[in-house]
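The values are calculated or read from the model by the stated rules, or taken from the named source; none is laboratory data. Remember, predicted model here, so these are calculated numbers, not experimental data. Methodologically, a virtual Cβ is constructed for each residue, glycine included, from the backbone with ideal geometry; neighbour enumeration extends over all protein chains shown.
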């Protein structure tokens, strides 16, 4: 049997800023280092704009860094329509700080973050699939909260929808 030559140059790391997604980032870094690939980080904002980013951001980068980011983007927030620009800028900076954490701590498992993308949609799975194609990513890495079987039947999960419709390999890292 001849095995195909698998080439991975770009990884899409999709995050909802949950702890499970944060754990999945470690796997994205390991894969990126193994293949010398770059990571594109994607976060999908809910279409309603009702998401409160603060508890998620603090969980990712700590309260001190979050307060710095809020202060930095205060002027943008005053002029932004319904606060959308502020929220996007703050989330982008949170993700940037998070991706830099390994480097700041001298961790040898550090990968190059190529781009941070923030999108807004009621259907995160579609955005993940679209961005994976648009950015020419070879692999998708994401976390899951491990929704129970009954909930999957009625609601479904973003990870499950991505797995079902992706033409690319999807690494789903469960959060326990």
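Quick notes on this one:
- Single match in 142, 112 (criterion: at pLDDT 55 or above and surrounded by fewer than 16 Cβ atoms within 10 Å (Cβ to Cβ)): 112
- The criterion of being out of contact with any helix residue (DSSP H, G or I) (no Cβ under 9 Å at 6 or more places or on another chain) and at pLDDT below 70 does not hold for residue 102.
Residue-wise test of (1) modelled with pLDDT under 75; (2) assigned to a helix (DSSP H, G or I); (3) closer than 24 Å to residue 113 by Cα.
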residue: 51; (1), (2), (3): yes, no, no
residue: 55; (1), (2), (3): no, yes, yes
residue: 64; (1), (2), (3): no, yes, yes
residue: 67; (1), (2), (3): no, yes, yes
residue: 76; (1), (2), (3): yes, yes, no
residue: 85; (1), (2), (3): yes, yes, yes
residue: 88; (1), (2), (3): yes, yes, yes
residue: 91; (1), (2), (3): no, yes, yes
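- Residue in region 129-137 that is under 30 Å from residue 167 (Cα atoms), outside any loop (DSSP other than H, G, I, E, B), at pLDDT 80 or above and in contact with a helix residue (DSSP H, G or I) (Cβ under 9 Å, 6 or more places away or on another chain) present: yes
- Restricting attention to region 1-44, the residues that are surrounded by fewer than 22 Cβ atoms within 10 Å (Cβ to Cβ), modelled with pLDDT under 90 and part of a strand (DSSP E or B) total 0.
- Members of region 116-128 found to be assigned to a strand (DSSP E or B) and within 12 Å of the chain's Cα centre (by Cα), listed by number: 116, 117, 118, 119
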